[in-house]
Amino acid sequence: MRHNAGMNDSRFDSSSDTGGPAAAHPFTRLTPECVLDAVDTVLAATGVRTDGRLLPLNSYENRVYQVGVEDGPPVIAKFYRPQRWSDEAILEEHAFVAELAAREIPAVPARMSKGRSLHEFDGFRFAIFERRGGRAPEIDRRDTLEWLGRFIGRIHAVGASAPYAARPSLDIRTFGYEPRDYLLASDFIPPDVRAPYEAAMRLALEGVERAFELAGEVRPLRLHGDCHPSNVLWTDAGPHFVDFDDSRMGPAVQDLWLLLPGGRADASHALADLLAGYEDFCEFEPRELYLIEALRTLRLIHYAAWLARRWDDPAFPAAFPWFNTQRYWEERVLELREQIGAMQEGPLWPL
C-alpha cells in the first residue's frame with residue numbers, strides 16, 4: 001500500500017479472512033458519493049465540508065482516498081476492509097501511532113472527532129488523516145540509513161513499553177504454516193507444480209524453524225510491521241512513517257531488514273548504518289540477525305496466500321494478472337529454494 005498519510009485483527013487478520021460469496025466484493029458499495037458523505041459526517045464537527053474532489057490512492061488491502069475540503073487542505077480517508085481487523089485492533093493501532101506522535105516521533109495519527117478516531121458509515125469503518133507529502137528516502141546514503149535507524153529505535157522504545165492485546169503476532173504459525181495450509185488447500189497451484197512447491201515449502205519452513213531456534217528467546221514488541229521504503233516519506237526535515245495497518249507484535253529486526261538492499265555485502269553495510277542510529281535509542285539483540293532470512297521467507301509465503309485470499313476482490317486480478325499463472329508458481333518454487341540456501345548460509349552481520 002502506498003499513500004500519503006499514516007495508515008498501508010478481537011483478532012481478524014488477513015490470514016483469517018478467507019473470502020467467500022458474502023465477502024467477495026467488500027467495497028462494491030463504496031461509491032464516490034458514499035465516501036464523500038462518510039467524510040462529511042466527520043468534518044461537520046469542525047464546520048467544514050468536502051468539496052467534491054476525490055482521488056483514489058494506491059491501496060489494495062483497504063480503500064484510501066484523498067478528499068478535497070472547502071477552504072482547507074485535503075484530507076486522507078481510509079476505509080478498512082470488512083472483517084479483517086476488529087474495532088479493538090484498529091483502535092490499538094491508532095493509540096500506538098498517537099503515542100508516537102505525542103512523543104514527537106514522525107508518524108501520522110488518525111484525527112480525533114468527538115473523542116473518536118474510528119468512524120462508521122453505511123456499514124464501513126473508516127478513519128481520517130492529515131495529508132502529508134514527501135519523497136522516497138535515499139536508502140543508498142549512510143546518513144539517511146542512520147537517520148531512519150534512529151527513528152525506528154525511537155518507535156521500538158515506545159513499542160517495547162507495552163504489548164498489544166487485540167492484534168496478533170508475526171510468528172511462524174501466522175506467517176508460515178497457516179498460509180501454507182491455505183495455499184495447499186486451494187486450487188491456485190497447478191497440479192504439475194504442486195509437488196515441487198510443497199517440497200520447497202517444507203524445507204523452507206524447516207529452515208525458518210532452525211533460524212528461530214538459533215535466535216533463542218526473542219522479546220516481541222509493537223512494530224510498524226511493514227517498514228519498507230515506500231512506507232517512509234522524506235522531506236527536508238527528515239522522514240515520517242506511514243501505513244501502520246500491519247502493525248503487530250514481533251521481533252525488532254522485522255522493521256530493519258525491509259530497508260536493506262539486495263546483495264549480501266551491500267546489505268551488511270546498510271545494516272551497520274541502520275544499527276548505528278538505532279542503538280542511540282534502543283538496544284538491539286544481535287541474536288535476532290539469525291531471523292532476517294527467516295522473516296523474508298515467511299513474508300514470501302504470506303504474500304502468496306494474501307493474493308490468493310483476495311482474488312475475489314476485482315481489484316486484485318486487475319492489479320496482479322500474473323498471479324494465477326503457471327509461471328508465477330514455478331517462480332515461487334525457485335524463490336523458496338533460494339531462501340533455503342540463504343538461511344543455510346548463516347546470519348547477515350553488520351560490516
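Of all residues in region 236-274 being aromatic (Phe, Trp, Tyr) and within 23 Å of GLU130 (Cα to Cα), which is modelled with the highest pLDDT?
If we take residues in region 236-274 being aromatic (Phe, Trp, Tyr) and within 23 Å of GLU130 (Cα to Cα), then PHE244 is modelled with the highest pLDDT.
Output yes when any residue across region 6-16 is at pLDDT 95 or above and among the hydroxyl-bearing types (Ser, Thr, Tyr), and no when none is.
For region 6-16, residues at pLDDT 95 or above and among the hydroxyl-bearing types (Ser, Thr, Tyr): absent.
Does any residue in region 277-301 that is under 13 Å from PRO251 (Cβ atoms) come within less than 8 Å, Cβ to Cβ, of a residue that is basic (Lys, Arg) and buried (at least 18 other Cβ atoms within 10 Å of the Cβ) six or more places away or on a different chain, and which pairs are these?
Correct list of pairs: CYS282/ARG154.
Inside region 89-116, can you point out the residues that are farther than 20 Å from ASP226 by Cβ and not in a helix (DSSP H, G or I)?
ARG103, GLU104, ARG111, MET112, SER113, LYS114, GLY115, ARG116
Restricting to region 226-247, and then to whatever is in contact with a Gly (Cβ under 7 Å, 6 or more places away or on another chain) and β-branched (Val, Ile, Thr), can you tell me which residue is surrounded by the fewest Cβ atoms within 10 Å (Cβ to Cβ)?
Top of the filtered list is THR235.
Would you confirm whether any residue within region 122-139 is crowded, with 19+ Cβ neighbours inside 10 Å, in a helix (DSSP H, G or I) and in contact with a helix residue (DSSP H, G or I) (Cβ under 9 Å, 6 or more places away or on another chain)?
No: zero hits.
Only residues that are over 17 Å from GLU146 (Cβ atoms) and either surrounded by 18 or more Cβ atoms within 10 Å (Cβ to Cβ) or among the basic types (Lys, Arg) (or both): list them for region 259-268, please.
Scanning region 259-268 gives a single hit, ARG264.
So which residues in region 275-285 are hydrophobic (A, V, I, L, M, F, W, C), part of a helix (DSSP H, G or I) and surrounded by 17 or more Cβ atoms within 10 Å (Cβ to Cβ)?
Hit for region 275-285 is LEU275, nothing else.
Of the numbered conditions (1) assigned to a loop (DSSP other than H, G, I, E, B); (2) outside the structural domain of ARG84 (by TED's automatic domain parsing); (3) farther than 16 Å from GLY225 by Cβ, TYR164 satisfies every one except a single condition; which is it?
The failed condition is (3).
Inside region 291-318, can you point out the residues that are within 19 Å of the chain's Cα centre (by Cα), in a helix (DSSP H, G or I) and within 25 Å of LEU30 (Cβ to Cβ)?
TYR303, ALA305, TRP306, LEU307, ALA308, ARG309, ALA315, PHE316, listed by residue number.
Could you figure out which of (1) touching a His at 6+ places or on another chain (Cβ under 6 Å); (2) hydroxyl-bearing (Ser, Thr, Tyr); (3) at pLDDT 95 or above isn't true of SER59?
(3)
Filter region 319-349 down to the residues that are part of a loop (DSSP other than H, G, I, E, B) and surrounded by 14 or more Cβ atoms within 10 Å (Cβ to Cβ), then identify the one that is nearest to the chain's Cα centre (by Cα).
The extreme case among them is PHE320.
Out of all the residues in region 179-200, is one or more among the β-branched types (Val, Ile, Thr), at negative phi, part of a helix (DSSP H, G or I) and within 25 Å of the chain's Cα centre (by Cα)?
The answer is no; no qualifying residue exists.
Just to be sure, is GLU288 outside any loop (DSSP other than H, G, I, E, B), surrounded by fewer than 16 Cβ atoms within 10 Å (Cβ to Cβ), at negative phi and not aliphatic (A, V, I, L, M)?
Taking the combined requirement at face value, the residue does not satisfy it.
The values are calculated or read from the model by the stated rules, or taken from the named source; none is laboratory data. Bear in mind the structure is a predicted one, so any value in this text is a computation, not a measurement. Note that each Cβ is placed from the backbone with ideal geometry, even for glycine, and that neighbours are counted across all protein chains shown.
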